[in-house]
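Written out below as structure tokens is the structure these notes cover.
The values are calculated or read from the model by the stated rules, or taken from the named source; none is laboratory data. Values in this document were obtained by computation on a predicted structure and should not be read as measured data. Note that each Cβ is placed from the backbone with ideal geometry, even for glycine, and that neighbours are counted across all protein chains shown. Just so you know, the surface numbers come from the protein's heavy atoms only, side chains and all, with ligands and any DNA or RNA stripped out. Shrake-Rupley method; radii C 1.70, N 1.55, O 1.52, S 1.80 Å.
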Amino acid sequence: MTPTTPLPSRAAALRTPRIVWAAILGSTVMYFGVLVLLSGQWQGEAPPVDPVLPLVLGGMSVVVAALVPVMRRAVMGTVALVAPPPGGMHAEVAEDALEDEISEALRRYQTGTIVGMALSEAVVLFGFVLAFLTQDPLAYVPGWLVGLVLMGIQVPRSGGLDALLPPAVRQAWP
């Protein structure tokens, strides 16, 4: 039986998650640009900020960063960052079952990537807020670096997508 639509290649399947990843990563660079442009307009001393606020925002950043793998696992059933070990024997998979398994894995992978990237961006935004409240552009840097590391870890890869597929489907997908 021929499927109604041809199966996408792995590269084509990863196109949308990679676009989302690049867009969110790019937004963090835009935040930095906005911060640099607007910080030039700050005059005088910064308004007083409760000394607990940086601790609260830092704590929220730690909690949200720790939620990234938890939420990816909740959405995808696995953290899906690396390829699974190679499967055993090659098994035949019906084409309609192959299409269904791949579509479901793509849906879960894309959703998990968006959730993980949104949480990573939240860490960046905590630093952005702190930088504006303290009128110190350097306050943005720690949250930005942590967010960039989290985003770098989550770059959509075929190995991560493969982690959501049963071994027989991984082997049957061209």
Which of the residues belonging to region 16-60 are surrounded by fewer than 12 Cβ atoms within 10 Å (Cβ to Cβ) and under 30 Å from ARG170 (Cα atoms)? ILE19, ALA23
Mind checking which residues of region 82-112 are at pLDDT 90 or above and either of a type in the set (A, V, I, L, M) or in contact with a strand residue (DSSP E or B) (Cβ under 7 Å, 6 or more places away or on another chain) (or both)? ILE102, ALA105, LEU106
Residue pairs qualifying under the 7 Å Cβ cut-off, at least six apart or on distinct chains, with the first in region 31-51 being under 13 Å from ASP136 (Cβ atoms) and the second being open to solvent by less than 70 Å² (accessible area, probe 1.4 Å) and of a type in the set (A, V, I, L, M, F, W, C), are LEU35/PHE128; LEU35/ALA131
On the given criteria, is VAL149 without any contact (Cβ under 8 Å) to a residue 24 or more places away in the chain and either open to solvent by 40 Å² or more (accessible area, probe 1.4 Å) or within 29 Å of GLY40 (Cβ to Cβ) (or both)? yes
Which helices (runs of 4 or more DSSP H) sit wholly inside region 1-89 and have at least 3 residues that are over 23 Å from the mean Cα position of the chain (by Cα)? 15-39, 52-76
